[in-house]
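One structure is given below, encoded as structure tokens.
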Amino acid sequence: MRYRWLIENRISVRDFRDIHVDKSKMIQLINYSEGIKGLLEDIKVDFIFVSDGKIKRNLLKGKVGYKGHIVEAPHYIVMTSEEKPQYLQNASYMMEELLLKANELDLGTCWLTVEDEEGLRKDLELTNAGKIVAMAALGYPKGRVPFTPKSTSTRISLYEFVYHEKWGEEPKENELESRGLMNILYHIRMAPSWKNQQPWRLIIDGEKLILVVGGEEIPQKSLLLDSGIMMLYLERIFNEAGIRVRWELYDDDLENIYETYNIPKDYKVVGCLRL
Ligand SMILES: Cc1cc2nc3c(=O)[nH]c(=O)nc-3n(C[C@H](O)[C@H](O)[C@H](O)COP(=O)(O)O)c2cc1C
């Protein structure tokens, strides 16, 4: 996939045509989902494709979407996962890969917040053991197609989320330019996030890029889901630019990282990308 291009042009679609997606496209998407690799390969996940969205959406009201406001769509994708350390980051990393593939197939998507996991499980008659971790609406966008000029969703500037060596230190534009990072950092800001809160902060320390998330009133689950999407975007864009990178995931304060970088304690260090 041409990740940079897809990422630059992606947008949440909340208005869908009332028709099913062609069978051949659905098959491509399902086949693709089966080959997606996670950040952690020992976590078992499943993608469930719900194709009777029109019937199911009345059941889903109140359980899915901001404050239970469902986005009406002909299809939904539900993702379940085993509950293991970092399972939420792993889930969103995989789900967003699938949603980018849907965009590549000219389909529209929108992440949906799961507000009532138990109720949803019952309504969808899910019997597998995993926890419902993510959900998205899927279909043909009404009116606007995904790859036309960008919409209204605003994004923070580079200076608000990228720090040089320590928390709060302004990034060095010359250094970012000379290392080819400027362009990459510009694109990753397009990542979707819960209520568009854009909770990510990046500290660049030599060959290390440390991902930190936080923000008032953002549920922990949403922060971790937002993290996985950002991890996917960073990894894919660097790889596409010919820079091999790999994530080291942090579960606790292994290297006194909060003190080293003056990271506020109410933020969470998610991981480090070695360039
Ligand atoms: C974890 C997560 C949950 C989301 N939940 C919802 C939702 O319930 N309803 C909705 O309309 N959009 C939802 N979104 C989409 C965001 O609102 C959207 O990505 C953000 O506003 C930026 O807009 P854009 O995707 O058009 O760039 C969610 C996004 C993420 C990452």
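The values are calculated or read from the model by the stated rules, or taken from the named source; none is laboratory data. This one's a predicted model, so the numbers in the text were calculated from it and none came from an experiment. Neighbour counts are summed over all protein chains in view; Cβ atoms, including those assigned to glycine, are modelled from backbone coordinates with ideal geometry. What goes into the accessible areas is simple: the full protein's heavy atoms, side chains included, and nothing from ligands, DNA or RNA. Shrake-Rupley method; radii C 1.70, N 1.55, O 1.52, S 1.80 Å.
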Percent RCO, i.e. relative contact order, over the chain, from Cα pairs under 8 Å lying at least 6 residues apart: 21
Cross-link reach list, aspartates and glutamates versus Lys172, counting only Cα pairs under 16 Å and skipping chain neighbours closer than eight places: Glu160, Asp205, Glu207
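In percent, how large is the relative contact order of segment 158-274, given Cα pairs closer than 8 Å and 6 or more residues apart?
29
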Accessible solvent surface per residue of the chain, calculated while the other protein chains remain in place, 1.4 angstrom probe, Å²: 47
With 5 Å bins from 0: P(r) over segment 183-251, alpha-carbon pairs, percent: 3, 16, 28, 26, 17, 8, 2, 0
Range of Cα positions in segment 3-139 per principal axis (Å), largest first: 38, 35, 26
Share of alpha-carbon pairs per 10 Å distance bin for segment 1-80, given as whole %: 14, 38, 39, 9
Cα→Cβ-extended label distance, 7 Å offset, between Trp167 and Glu248, nm: 2.0
Segment 3-139 - percent relative contact order, Cα under 8 Å, separation 6 or more: 34
For Tyr250, distant residues with modelled amide H under 5 Å away: Gly271, Cys272
For segment 158-274, convex hull of alpha carbons as volume per residue, Å³: 95
Cβ-placed point charges (K, R +1; D, E -1), dipole of segment 158-274 about Cα centre in debye, nearest 20: 420
Val212, Val45, reordered so the largest accessible area comes first (probe 1.4 Å): Val45, Val212
Carbon + sulfur, % of accessible area of the chain - ligands and nucleic acids excluded, 1.4 Å: 48
Gain in span if fully extended, Lys84 to Arg17, counting 0.36 nm per residue against the direct Cα distance: 20.4 nm
Rg/Rh (Cα only; Kirkwood hydrodynamic radius) as it applies to segment 53-95: 1.07
Unit Cα scatterers, Debye sum, the chain: log10 I(q)/I(0) for q = 0.09, 0.12, 0.14 Å⁻¹: -0.41, -0.73, -1.00
Proximal lysines relative to Lys195, as straight alpha-carbon distance under 17 Å, when same-chain residues fewer than 8 apart are discounted: Lys63, Lys67, Lys221
Charged-residue dipole, Cβ positions (Lys, Arg, Asp, Glu), the chain about Cα centre, Debye nearest 20: 1100
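Per residue and in Å³, how big is the convex hull formed by the alpha-carbon atoms of segment 61-127?
101
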